[in-house]
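Engineer: Pasting a structure below so you can have a look.
Only the coordinates and a few stated rules stand behind these numbers; no lab work does. All of these numbers come straight from a predicted model, not from anything done at the bench. Neighbour counts are summed over all protein chains in view; Cβ atoms, including those assigned to glycine, are modelled from backbone coordinates with ideal geometry.
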Amino acid sequence: MMTETAFISDLAIPPGEYLEEVLEDVDISQAELARRMGRPPQAINEIVKGEKAITPETALQLEQVLGVSAQFWSKLETEYRLILAKKQQLEEIKTEENLLCKFPYLELSKLNLVKKTSDKLKKVISLRVFFGVSSLNNIRTVKEFAPAFRQHEKNTVSHESLASWLRAGHRMADDADVELFCKEKLKFSIAKLRALTNIVEPNELIKEIKKVLAECGVVLALAPTFPRSYTTGATFWLNNNKAVIMMSLRGAWSDIFWFSLFHEIGHILLHDKRVTFLENGKLDPQYQKQEKEADTFAQTALIPVTDYNIFLSNSDFSSNAIKAFADTIGIFPGIITGRLQHDRKLLHTIHYHRVRYKWNV
């Protein structure tokens, strides 16, 4: 009689072929097996042909009639169906190869978030794993990525690129070790963060910012901007105790970086945890209202309103005046210049104390 051996193969061999061998070994016909099992002969013939699956009940009957364990028959059936499913999946994957051009695969591979390969089939599989979906067509329906498909800043925006950028932030934040979120700590940290604006070495700066935010339960995730994603930052929550600020470092000017950072902090302190805020593009009035609130928070947190109004009343926007005012409120003077440019008090060609960060993160 046939022994129970484990069969692992990429060939989709129906368990019925092994059943046929066993029947020959014990000299029992399909019709006789059907009578002993109390099943129609057609059902046995369909199992032999691979047209009908061996159910757990059938496996138990085969064990009783033929003396070969039910586990063996069930395992053969499972492996057979799995191989068939894999073959079908490969065909489905091939149909998604034409979607690869929409994703920033090269940029993701540089971040070691997907496998480095030139094989299209492997790229699709790697992207599926990266996004945690069974099909690339499912991405836009997943809540985590949905905000990326509502952006309208430019007609050329790549929603898939933006979704990839968001997913990269989620992956980075998953691995980050931070304290439990505390709103009061984050409010208290504003003064510490303002003081850090005077650090001009960007990589030392990032290290200190991450440390301050981590103590408040906030992750700072940095990922370079992806082609046609057109965003500088995002805010989302992994859970009730872990907030995430994601920044692309798209703008090199220090004042833009600081405004963007405080803008994201504003979303964390002021707005719904269930919402993902992606800067630029969404046209919804409520969203725009929250964006303006975050802008106002960033402006006033960086430069107190009363102090700024007094400074404006003097109408002296020289380099020395800006430096003196910045020293008075304890902030980097380039941030004052950026604000004056924004408020059209200073030409955009005048860059008193503004610096460009050279990132290496």
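Engineer: Note down the net charge around LYS187, summing +1 for each Lys or Arg and -1 for each Asp or Glu among other residues with Cβ under 13 Å from its Cβ.
Structural biologist: +2
Engineer: In terms of the ratio Rg/(2.2 N^0.38 Å) built on C-alpha atoms, what value belongs to region 159-303?
Structural biologist: Ratio of Rg to 2.2 N^0.38 Å for region 159-303: 0.96.
Engineer: Once the Cβ-Cβ distance between ILE350 and ASN203 is put in as r, and R0 is 45 Å, what FRET efficiency do you end up with, to the nearest 0.05?
Structural biologist: Numbers: r = 28 Å, r/R0 = 0.62.
For ILE350 and ASN203, the calculated efficiency is 0.95.
Engineer: Which residue fluctuates most in the GNM of the chain (Cα springs below 10 Å): GLY217, GLY16, GLY67?
Structural biologist: Evaluated over the chain, the most mobile residue of the options is GLY67.
Engineer: Specify which labelled value, from (1) 25.0; (2) 23.6; (3) 21.3, agrees with Kirkwood radius over Cα pairs in Å derived from the coordinates of the model shown.
Structural biologist: Here the calculated entry is (1).
Engineer: Given ASN98, ASN241, ASN309, which one lies farthest toward the positive end of the charge dipole of the chain, if we put +1 on the Cβ of every Lys and Arg and -1 on the Cβ of every Asp and Glu?
Structural biologist: Among ASN98, ASN241, ASN309, the one farthest towards the positive end of the dipole of the chain is ASN309.
Engineer: Can you spot the lysines whose alpha carbon is less than 30 Å from LYS183's alpha carbon? Ignore those fewer than 8 places along the same chain.
Structural biologist: Correct list for LYS183: LYS143, LYS192, LYS207, LYS210, LYS211, LYS242, LYS273, LYS282, LYS289, LYS292.
Engineer: Quick one: if you stick a label point 7 Å off each Cα along the C-beta vector at GLU17 and VAL142, how many nm between them?
Structural biologist: About 3.7 nm, to one decimal.
Engineer: How long is the gain from LEU312 to THR296 if the chain were fully straight, where each residue apart is worth 0.36 nm and the alpha carbon distance is subtracted?
Structural biologist: 4.0 nm is the gain from fully extending LEU312 to THR296.
Engineer: Rounded, prolate or oblate, given the Cα gyration tensor of region 192-257, with a/c below 1.5 counting as rounded?
Structural biologist: The shape class here is oblate.
Engineer: Can you compute the helix-only [θ] at 222 nm over the chain? Use -39500 (n - 2.57) per DSSP H run of at least 4 residues, normalise by all residues, nearest 500 deg cm²/dmol.
Structural biologist: Details: 15 runs with 193 residues, N = 361.
One gets -17000 deg cm²/dmol as the mean residue ellipticity at 222 nm.
Engineer: Please give me the summed charge of the neighbours of ILE335: other residues whose Cβ is under 15 Å from its Cβ, Lys and Arg +1, Asp and Glu -1.
Structural biologist: Local net charge: +1.
Engineer: Related question: May I ask you to derive the relative contact order of the chain, considering only C-alpha pairs under 8 Å and at least 6 residues apart, and to give it as an integer percent?
Structural biologist: In percent, rounded to a whole number, it is 12.
Engineer: Same structure, new question: Have a look at GLU63, GLU179, GLU92 and tell me which one the Gaussian network model of the chain (Cα, springs below 10 Å) gives the largest fluctuation.
Structural biologist: GLU63
Engineer: Using a cut-off of 18 Å between alpha-carbon atoms, which lysines can reach LYS323, once sequence neighbours fewer than 8 places away in the same chain are excluded?
Structural biologist: In chain and number order, the partners are LYS345.
Engineer: Within the chain, which is the longest segment that contains none of the trypsin sites (Lys or Arg not before Pro) sitting in a DSSP loop with at most 14 other Cβ atoms within 10 Å?
Structural biologist: Numbers: sites that count: LYS116, LYS143, LYS154, LYS273, ARG274, ARG344, LYS345, LYS358.
Within the chain, the longest run free of exposed trypsin sites (Lys or Arg not before Pro) spans 155-272.
Engineer: Could you calculate, for region 15-95, the ratio of the Cα radius of gyration to the Kirkwood radius, expressed as Rg to Rh?
Structural biologist: Rounded to two decimals, Rg/Rh equals 1.06.
Engineer: With r as the distance between the Cβ atoms of ALA53 and VAL133 and R0 = 22 Å, compute the FRET efficiency 1/(1 + (r/R0)^6) and round to 0.05.
Structural biologist: Efficiency at R0 = 22 Å is approximately 0.20.
Engineer: Hey, could you get me the Stokes-Einstein D for region 97-142, Kirkwood radius over alpha-carbon pairs, 20 °C and 1.002 mPa s, rounded to whole µm² s⁻¹?
Structural biologist: The Stokes-Einstein estimate is 201 µm²/s.
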